[in-house]
Structures are given as C-alpha cells and as structure tokens.
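Below is one structure; the comments refer to it alone.
The values are calculated or read from the model by the stated rules, or taken from the named source; none is laboratory data. Because the structure is a prediction, the values reported are computed rather than measured. Here Cβ is always computed from backbone atoms with ideal geometry, including for glycine, and neighbour counts include all displayed protein chains.
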C-alpha cells in the first residue's frame, strides 16, 4: 500500500530526524520571512490606522467640546441681547411717558399763559376803548355845548361846565 | 526515504517537498496580499487583516495582549501553514512507483509532532523567561503539590495529543479520500457509487482541515498562556 510511508513508525526501526529538522527549519524560516515581508508591514499599517482612528476620534471629541462651548456662548449672548432689548424697550417706554407728561405740562402752562395774556389784553383794550369813548364824549359834549350856547358863557364857566359833564360821564360809566 | 551520507539522517523526501511547497504557498499568499498596503484596506489586505485579527482574538481569549502580543506572528504563521498544509493533500495525490509524493505534510506524524514539540518547548522557554525559575516551578505545585507528577505527565500528554490530533485527522481524511478515489477509478459502477460520498468527504475534509488549524493554534495559545500568565 502506498500509505505505508504515512503511518507513525512506518519507517521501521529508525526515526527520520531529517524530517524533524526540515520541518523545524522550514517553519522557522517561513516565520522569519513572513515577519519580515508580510506581517511586519501589515502590522505597521494596522498600527498606523489605529493611531489615525484614535487621533480622529480625539479630534472629533475636541471639536464637539468646542462647538458645545461655542453654542453655550452663543446662547448666553442671545440671552444677553434679549435682556438688553427688553431694557431698551422699557427705557423707551419710560422716556415716552416722561416726555408725554412734559409735553402736556408745557402745553397746559402755555395755554394758561396765553389765556392770561388774552384776558390782560382784553382788559387793556377795554380801558383803552373806554378812555377813547370818554374823550370822544368830552369832545362831542364840548362841541354840542359850544354850539348850543354860542359864546354866551364865559371861558371860565365853559371850563367848569365841561368838567362837570366829564365827571357826570365818569359816573355814567 | 533517503539517507544523507554525511550524518546518516533519514529524510522522507515527500515530506521535505511538501513542506517546502506549503511554505512557498503560504509565503506567496502572504507576500502578494501585503503589497500595496493602504490605510484603507482593499481586497487581499482585508483578508490578511482578518486573519491577523482572528489570531489576535484567539490570543486575547487566553491571555493579556501584553503577554500574548509576542506570539502573534507565531500564531498567524502556524494557522496559515497548517491550514495550507491540510488543504494541499485534498485536490489530488501523486504516486510515483508506489511511493506517495503529493500529500498533506501534516498527514505525517513526524511533522505534526515536530510542530507540537516546538510549541511545548516554546511554552517552557517563555514560562522560564517571563516568570523566572521560581514562578515556573511553582506552576507544577498548583493547585496541589502532590499533583506535581501528574503535571509533568500532562506536559508530555499535551505534546502528544497536540501533534497526534492534527496528524490523525488529516491522515484519516487522506486515507478515506484515497479509498474513495480507488473506488471511483475501479470502474463505472464504482465511480457512480463513489461520486457523492467523495464530494461529501472532500467538503468535510476542508472543514476538518480548517477546524484543525484553528484548534492547533488555539491549543498552542492555551498551553503558552498556562506557562506565561498568572491568572490561569
């Protein structure tokens, strides 16, 4: 049978030391060569990739933290802006209130003043009118008297009469 | 068989040839697939990386990577070499003048026992190197001192089972393949009868060859971790 060589101890009384040596040396040489030409470079690449991934993850983590920080910052800025806007609106409202009051007060004072002035002027005009009328009355009376009497009365009586008339006119008033 | 005239060593030339063929195949596969290495792996590089990760997983399941990392290259080379060796005998066998030339190198007890003994000797070497003489000796006294003789026997038993398991599986597979092939070539009826079992057995042999390569490396790492790690 052609299997005889395969069986353990089929070689009879001797041990094939040669095979052992060949197996061992073949395996060791193979291992050495593979380490040098195949596993070494491959492990290097895998290590490199591992490093790359680790660094990528770290970068991603960092940028995540940074963006979170920025987001917080933005959020607080937004909050600030909102409060500020509120404040501004509030201030404007207050300011408007104040100026409204002011305008009303001013207007009120102005109108008061104008009324007073008008009253004063009216009184003035009245006085003026009265005195004008009075003078007119004096002149008319004088004229009338002159015409009626026609020099019958002396200058002195004339004057006295005039004054009397004036006084009467003053009472009439 | 051939005896070299200088030292009187006996060589089974079939074994020698098949070992070299297996080594060459493994080397070519590994060498070709690790050209053009990229950070983004493609094609064969993926496959090689998968094998590396697979062996890494075997080692990690037995010991710390800190201790086991040094056995990574050994593990990958072993699993590839044994797998290719197991597969070599499957497609055909070449018989020249009654001598079987083309076969699995692992279908020879001398080869498998050499590999097994190498592994066990390595385990003792690293046990001594990493744990010192004291730690190494203490390993024999655990869990109970009176079990020490059994521990010594265990070392030899380990060597024997590790080598013979592989040899037995592959050798049995080859014998059955040879028998079925013999039946298939005997005549038309034999061919018809042998065809289906032959296919089935080939498939099963591929499965066994793969499993045995895995088991060999697994046990290698188990034995190494027994000697190297403290927690076992």
message: Among the numbered criteria (1) facing another protein chain (nearest Cβ under 7 Å); (2) over 16 Å from residue B:215 (Cβ atoms), which one does residue B:90 miss?
response: (1)
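From A:78, A:65, A:30, A:71, which residue is surrounded by 13 or more Cβ atoms within 10 Å (Cβ to Cβ) and either at pLDDT 95 or above or closer than 30 Å to residue B:166 by Cα (or both)? Let's see the steps before the verdict.
Working: A:78 fails: surrounded by 13 or more Cβ atoms within 10 Å (Cβ to Cβ); A:65 fails: surrounded by 13 or more Cβ atoms within 10 Å (Cβ to Cβ); A:71 fails: surrounded by 13 or more Cβ atoms within 10 Å (Cβ to Cβ).
After ruling out the rest, the residue left standing is A:30.
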- request: Go through (1) at positive phi; (2) within 10 Å of chain A (Cβ to nearest Cβ) one by one and return the number of the condition residue B:132 breaks.
  value: (2)
- prompt: Residue check, residue B:167 against (1) under 26 Å from the mean Cα position of the chain (by Cα); (2) under 20 Å from residue B:228 (Cα atoms), all met but one. Which one?
  reply: (2)
- prompt: Does residue B:19 satisfy the condition of being surrounded by 21 or more Cβ atoms within 10 Å (Cβ to Cβ) and either within 7 Å of chain A (Cβ to nearest Cβ) or at positive phi (or both)?
  reply: yes
- line: Every listed condition ((1) part of a loop (DSSP other than H, G, I, E, B); (2) at pLDDT 80 or above; (3) more than 30 Å from residue A:49 (Cα to Cα)) holds for residue B:91 save (2)
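Of B:77, B:112, which residue is more than 8 Å from chain A (Cβ to nearest Cβ) and either under 30 Å from residue A:18 (Cβ atoms) or assigned to a helix (DSSP H, G or I) (or both)? Give the steps one after another, and end with the answer.
Details: B:77 fails: more than 8 Å from chain A (Cβ to nearest Cβ).
Just a single option satisfies the conditions, and that option is B:112.
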query: Among the residues of the stretch B:155-180, how many are buried (at least 16 other Cβ atoms within 10 Å of the Cβ) and touching a residue at least 40 places away in the same chain (Cβ under 8 Å)?
result: 15
task: Confirm whether residue B:47 is farther than 22 Å from residue B:119 by Cβ and either at the interface with another protein chain (Cβ under 7 Å from one of its Cβ atoms) or modelled with pLDDT of 85 or more (or both).
output: yes
- line: Checking A:53, A:57 in turn, the sole residue that is within 14 Å of chain B (Cβ to nearest Cβ), surrounded by 10 or more Cβ atoms within 10 Å (Cβ to Cβ) and either in contact with a helix residue (DSSP H, G or I) (Cβ under 8 Å, 6 or more places away or on another chain) or in a helix (DSSP H, G or I) (or both) turns out to be A:53
field: Meets criteria (modelled with pLDDT of 85 or more, in a helix (DSSP H, G or I), surrounded by fewer than 17 Cβ atoms within 10 Å (Cβ to Cβ) and more than 60 Å from the chain's Cα centre (by Cα)) for residue A:37
entry: yes
message: Quick test of your reading of the structure: residue B:72 fulfils all but one of (1) touching a residue at least 40 places away in the same chain (Cβ under 8 Å); (2) facing chain A (nearest Cβ under 10 Å). Name the failing condition by number.
response: (1)
- request: Taking residue B:140 as the residue in question, decide whether it is in contact (Cβ under 8 Å) with a residue 60 or more places away in the chain and surrounded by 15 or more Cβ atoms within 10 Å (Cβ to Cβ).
  value: no
